[in-house]
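S.K.: First, the structure itself, so that you have it in front of you.
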Amino acid sequence: MNMRLAAAGVLAVMIPALAYAGAAQKPVLDAYAAQAKAEQASFAGFSAERGKAFFLAKHDASAETPSCTTCHTNDPTKPGQTRAGKDLAPMAVSKTPDRFTDAEKVEKWFTRNCQSVIGRACTAQEKGDFITFMASL
Amino acid sequence: MMPRILAALGMIACIFGMGFLIMGPVSSANPAPDPVYVKECSACHIAYPSQFLPKRSWDHILGSLDKHFGENATLPPKSLASIKTYLDGHAADSNGSNSRIMRDVAASQTPARITEMPFWTHIHGRLLARHAFDAPKVKSVSNCTACHRGAASGQFGDED
């Protein structure tokens, strides 16, 4: 078997696969984009950079959970741990591909964790930025 | 010959029987818990056996999920109702009272957590005194699995 042909074949399959990284998250992201547009007419799309800053931020709302990183650690490609000691699958989509594919589950956890960590609901912009960051890792 | 065999069999039966008496109500805690309870209440910790707390404690926990031991754990109303029905029906004091679990719990008390139940502090008292639950691998008194490997399926008879 020709090695170069084999290598080209592998690349041919990989490139579309790489392009589709995050495709499973698209429906959830599109829904948040629509909401963000409704919440803010000046909405101009989501940003992984903003999502990263949002993820790492420290807040005053809770002594137990001052940041998303409290349970999910500074590195979303690594497993996290709840305060009760239970392991959490990495938030990074590359490590846990079904993250952010179930709209109901995503909303349940944003509702809870935004209240816990930040002391308020997250905006659709923040949710979309967050998911975009996690899908970029 | 026969009497000795019978005696040996009798002794074995006694040992097994005693084992069940001692370990029974705790080690085989609720073998088939409600799937909604397990799904919704095991994301952050194990789905604790329903018979480890009286009904009033479970009701208090379910009524304050927005302030659940330092976090917001609110549930959609339908799931909440389903879980409440399950916990109320399988608590330490449902269908009469589990005397081992409810031991020393005053009628005026509503323990806020399993680790406040007298049965729990009695069993784990020495570990608490040694700060065993502060160890990094354990992390928390809520982390039963750290020592009870079968805790997630209701088995607490063994310890590591």
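S.K.: Being among the hydrophobic types (A, V, I, L, M, F, W, C) and either within 14 Å of chain A (Cβ to nearest Cβ) or in contact with a strand residue (DSSP E or B) (Cβ under 7 Å, 6 or more places away or on another chain) (or both) is the filter here, so list the residues in segment B:62-82 that pass it. Outline the logic, then answer.
M.R.: The initial filter retains those residues of segment B:62-82 that are among the hydrophobic types (A, V, I, L, M, F, W, C), namely B:62, B:65, B:69, B:73, B:75, B:80-81.
Matches in segment B:62-82: B:L65, B:F69, B:A73, B:L75, B:L80.
S.K.: Go through the residues of segment A:60-82 one by one and say whether even a single one is within 11 Å of chain B (Cβ to nearest Cβ), under 30 Å from B:K137 (Cα atoms) and part of a helix (DSSP H, G or I).
M.R.: Among the residues of segment A:60-82, at least one is within 11 Å of chain B (Cβ to nearest Cβ), under 30 Å from B:K137 (Cα atoms) and part of a helix (DSSP H, G or I), which makes the answer yes.
S.K.: Also, quick follow-up: Being away from chain A (no Cβ under 12 Å), touching a residue at least 12 places away in the same chain (Cβ under 8 Å) and within 26 Å of B:D34 (Cα to Cα) is true for just one of B:R113, B:R103. Which residue is that?
M.R.: Result: B:R103 is the single residue among B:R113, B:R103 that is away from chain A (no Cβ under 12 Å), touching a residue at least 12 places away in the same chain (Cβ under 8 Å) and within 26 Å of B:D34 (Cα to Cα).
S.K.: Another question, then. Just to be sure before I move on: is A:A44 more than 14 Å from chain B (Cβ to nearest Cβ) and either at negative phi or not in a helix (DSSP H, G or I) (or both) in the structure I sent?
M.R.: So A:A44 passes the test.
S.K.: Quick one: A:R99 ticks every box in (1) under 12 Å from the mean Cα position of the chain (by Cα); (2) assigned to a helix (DSSP H, G or I); (3) within 26 Å of B:E40 (Cβ to Cβ) except a single one, so which number is it?
M.R.: The failed condition is (2).
S.K.: Mind telling me which of the residues B:A91, B:A151 ends up being in contact with a helix residue (DSSP H, G or I) (Cβ under 6 Å, 6 or more places away or on another chain), farther than 19 Å from A:E64 by Cβ, within 14 Å of chain A (Cβ to nearest Cβ) and buried (at least 18 other Cβ atoms within 10 Å of the Cβ)? Full working, then the answer.
M.R.: Values: B:A91 fails: within 14 Å of chain A (Cβ to nearest Cβ).
Residue meeting the stated conditions: B:A151.
Conditions tested, residue by residue: (1) exposed (fewer than 13 other Cβ atoms within 10 Å of the Cβ); (2) basic (K, R); (3) modelled with pLDDT of 95 or more.
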{"position": "A:S47", "(1), (2), (3)": "no, no, yes"}
{"position": "A:D87", "(1), (2), (3)": "yes, no, yes"}
{"position": "A:P90", "(1), (2), (3)": "no, no, yes"}
{"position": "A:V93", "(1), (2), (3)": "no, no, yes"}
{"position": "A:R99", "(1), (2), (3)": "no, yes, yes"}
{"position": "A:T123", "(1), (2), (3)": "no, no, yes"}
{"position": "A:T132", "(1), (2), (3)": "no, no, yes"}
{"position": "A:A135", "(1), (2), (3)": "no, no, yes"}
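S.K.: Residue pairs, Cβ under 7 Å, 6 or more apart or interchain, first in segment A:101-117 and facing chain B (nearest Cβ under 8 Å), second assigned to a helix (DSSP H, G or I) and among the small types (G, A, S). List them.
M.R.: Within 7 Å, no pair qualifies.
S.K.: Another question about this same structure. Could you check, for segment B:63-77, whether at least one of its residues is among the polar types (S, T, N, Q), farther than 27 Å from A:T111 by Cα and either modelled with pLDDT under 95 or surrounded by 12 or more Cβ atoms within 10 Å (Cβ to Cβ) (or both)?
M.R.: Pass one, segment B:63-77, residues among the polar types (S, T, N, Q): B:64, B:72, B:74.
Those still in the list that are farther than 27 Å from A:T111 by Cα too: none.
No; the residues of segment B:63-77 include none that is among the polar types (S, T, N, Q), farther than 27 Å from A:T111 by Cα and either modelled with pLDDT under 95 or surrounded by 12 or more Cβ atoms within 10 Å (Cβ to Cβ) (or both).
S.K.: Within segment B:33-46, which residues are assigned to a loop (DSSP other than H, G, I, E, B), touching a residue at least 12 places away in the same chain (Cβ under 8 Å) and within 11 Å of chain A (Cβ to nearest Cβ)?
M.R.: Of everything in segment B:33-46, those that are assigned to a loop (DSSP other than H, G, I, E, B), touching a residue at least 12 places away in the same chain (Cβ under 8 Å) and within 11 Å of chain A (Cβ to nearest Cβ) turn out to be B:S42, B:C44, B:H45, B:I46.
S.K.: Has segment B:79-86 got at least one residue that is surrounded by 14 or more Cβ atoms within 10 Å (Cβ to Cβ) and in a loop (DSSP other than H, G, I, E, B)?
M.R.: Looking through segment B:79-86, none of the residues is surrounded by 14 or more Cβ atoms within 10 Å (Cβ to Cβ) and in a loop (DSSP other than H, G, I, E, B).
S.K.: Within segment B:129-139, does at least one residue satisfy the condition of being more than 12 Å from chain A (Cβ to nearest Cβ), in contact with a helix residue (DSSP H, G or I) (Cβ under 6 Å, 6 or more places away or on another chain) and over 25 Å from A:R112 (Cα atoms)?
M.R.: Checked segment B:129-139: no residue is more than 12 Å from chain A (Cβ to nearest Cβ), in contact with a helix residue (DSSP H, G or I) (Cβ under 6 Å, 6 or more places away or on another chain) and over 25 Å from A:R112 (Cα atoms).
The values are calculated or read from the model by the stated rules, or taken from the named source; none is laboratory data. Note that the coordinates shown come from a computational prediction; the quantities given were computed from them, not determined experimentally. Quick reminder, even Gly has a Cβ in these numbers, built from the backbone with ideal geometry, and neighbours come from all protein chains shown.
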